[in-house]
Amino acid sequence: MGILTDKFKAKADKLSAEVKDILKEHGDKTIGEVKLSQIYHGMRGITGLVTETSLLDSQDGIRFRGYSIPELQEKLPKAEGGSEPLPEGLFYLMLIGELPTDEEAQYISNLWQRRSHVPNHVFATIEALPLSAHPMTQFVTGIMALQTESSFAKKYAQGLSKKDYWEAVFQDTMDLIARLPRIAAYVYRRKYKYGVHIQPDGLLDWAGNFAHMLGFEDESFRELMRLYMTIHCDHEGGNVSAHTTHLVGSALSDPYLAFAAGMNGLAGPLHGLANQEVIKWIFEMRKELNTDLPDKGQIEEYVKKTLAEGKVVPGYGHAVLRKTDPRFDAQMTFGKKHMPDDPLVNTVWNIYEVVPPILQSLGKVKNPWPNVDAHSGALLVHYGLVEYEFYTVLFGVSRSLGVLASLCWDRALGFPLERPKSVSNRIVKLWLEGKEEIWGGD
Ligand SMILES: CC(C)(COP(=O)(O)OP(=O)(O)OC[C@H]1O[C@@H](n2cnc3c(N)ncnc32)[C@H](O)[C@@H]1OP(=O)(O)O)[C@@H](O)C(=O)NCCC(=O)NCCS
């Protein structure tokens, strides 16, 4: 562990000093203006956070420490015989800011293996829920039960110096990431496989072992898990799961509490739950049309019907992106390589040809292109992971990598409690009459 913490500390000390200098010299500079409409419309476009791990460009999509997804697929270490990146390597990149060597990625893999033990009370807590509970509810319950293991919470209660916060957060981060696949697999096997659980395989990498514990031994499914865990891990700081983890962490709630809060946000249908909505929507379309491979005309009619019912087309649109999500492209490439003839996957590709012009014609949809969720379910179904209510849990396991690496940076850079100003509609009206200030506050 020492090598990683030493490296992180050296990077964090350097950046902290730079940030201090930047703020001393430029702290009073104005970075932009805020329109009244923005505070009513989800704060879109207001830069209000600093996040190290990744940056989203509306045209190019996500970059992790400057690297695009195709670049990561080329440059990050792979499992033996595999061609998809190891998520361990991406975590290293997000945390340290440098591409890892094979040995460094392996080092993280070994650390997570050693720390992956989940205490029995966590499983007992999950067992207290009815089987009907949504997998995300069971997953978050497991994370909350695991909070008893937080070293940050224990050390803070004993009296922890502010300069040491980051290290306790780092320890929790490594423990939590190491244990999440076990909890997620437990939820899956409990809910869908009659509670027949599968013991971890200590020889496998983090994502490969997760695939194994879920019950999928196909090597190409392991590759899918490595890709899936890589592309879902982070999407800069303002999305609901990342922002929530950061916000709750800013109250010095420990990483278990902060991450569980983020996961509750991921469980929303406009965020992570959209991947289950997509596959549900396609299954319903197939059922209604009584075919496994609807043609483009049939898809067009079904999309129009969905819109006429006042519903959104799931998997399409994005708050920031204005092009096809490169995470969609990466999955499409995977599909073309591993399952080019799968009817469901082909339906996803046909939908991709049909939906954008229809959404464009509505004139109000800012981004008619597919996001990550439009594709992921079809790949999972191909391998037999058909229980789509579970998909957001997979997303959540992956998301831990980015948001928890960010949380380490939040504490290392000494970010304070987050506390934006809010106003009431009365104040807005008085401001419009020139009688009140809308800006400022404690
Ligand atoms: C992702 C999403 C929540 C972004 O929301 P947003 O930033 O408010 O999107 P926009 O600014 O483009 O929305 C403008 C209008 O277009 C509509 N719109 C956006 N995406 C749409 C879609 N996929 N289908 C139908 N209508 C859509 C919005 O509902 C909104 O309509 P309204 O003005 O009548 O309320 C939205 O595109 C959506 O609901 N998509 C489907 C769900 C999904 O895939 N979520 C996963 C996100 S990764």
Near pairs, Cβ below 8 angstrom, 6+ apart or cross-chain, from region 351-371 (aromatic (Phe, Trp, Tyr) and modelled with pLDDT of 95 or more) to any residue that is more than 8 Å from the ligand (Cβ to nearest atom) and open to solvent by 50 Å² or more (accessible area, probe 1.4 Å): Trp369/Arg322; Trp369/Lys323
One residue from Ala242, Ala185 being under 28 Å from Pro70 (Cα atoms) and either touching a Gly at 6+ places or on another chain (Cβ under 8 Å) or at pLDDT 95 or above (or both): Ala242
Some residue of region 120-133 being open to solvent by less than 50 Å² (accessible area, probe 1.4 Å) and assigned to a loop (DSSP other than H, G, I, E, B): yes
Tally of residues being β-branched (Val, Ile, Thr) and under 18 Å from the mean Cα position of the chain (by Cα) across region 41-98: 5
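One line per residue, one yes/no per condition, for (1) within 14 Å of the ligand (Cβ to nearest atom); (2) under 21 Å from Arg222 (Cβ atoms); (3) under 23 Å from the mean Cα position of the chain (by Cα):
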position: Glu353; (1), (2), (3): no, no, no
position: Pro356; (1), (2), (3): yes, no, no
position: Ala374; (1), (2), (3): yes, no, yes
position: Tyr383; (1), (2), (3): no, yes, yes
position: Tyr391; (1), (2), (3): yes, yes, yes
position: Ser398; (1), (2), (3): yes, yes, yes
position: Gly414; (1), (2), (3): no, no, no
Filter result (in contact (Cβ under 8 Å) with a residue 12 or more places away in the chain, of a type in the set (S, T, N, Q) and assigned to a helix (DSSP H, G or I)) within region 86-119: Gln106, Ser109, Gln113
Restricting region 157-194 to residues that are touching a helix residue (DSSP H, G or I) at 6+ places or on another chain (Cβ under 8 Å) and among the polar types (S, T, N, Q), the residue that is least open to solvent (accessible area, probe 1.4 Å): Thr173
Residues of region 198-244 satisfying the condition of being among the acidic types (Asp, Glu) and open to solvent by less than 30 Å² (accessible area, probe 1.4 Å): Asp205, Glu223, Asp234
Search result, residues across region 277-320 that are touching a residue at least 24 places away in the same chain (Cβ under 8 Å), assigned to a loop (DSSP other than H, G, I, E, B) and either open to solvent by 90 Å² or more (accessible area, probe 1.4 Å) or not charged (D, E, K, R) (or both): Asp292, Leu293, Pro294, Val313, Pro314, Gly315, Gly317, His318, Ala319, Val320
Residue selected from region 321-344 under the condition touching a His at 6+ places or on another chain (Cβ under 8 Å) and within 30 Å of Asn239 (Cα to Cα), by the criterion most open to solvent (accessible area, probe 1.4 Å): Met332
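The values are calculated or read from the model by the stated rules, or taken from the named source; none is laboratory data. Predicted, not measured: the structure shown is a model, and the values here were computed from it. Cβ: placed from backbone, ideal geometry, glycine included. Neighbour counts: every protein chain shown. All accessible areas refer to the heavy atoms of the entire protein, side chains included, with ligands and DNA or RNA removed. Shrake-Rupley method; radii C 1.70, N 1.55, O 1.52, S 1.80 Å.
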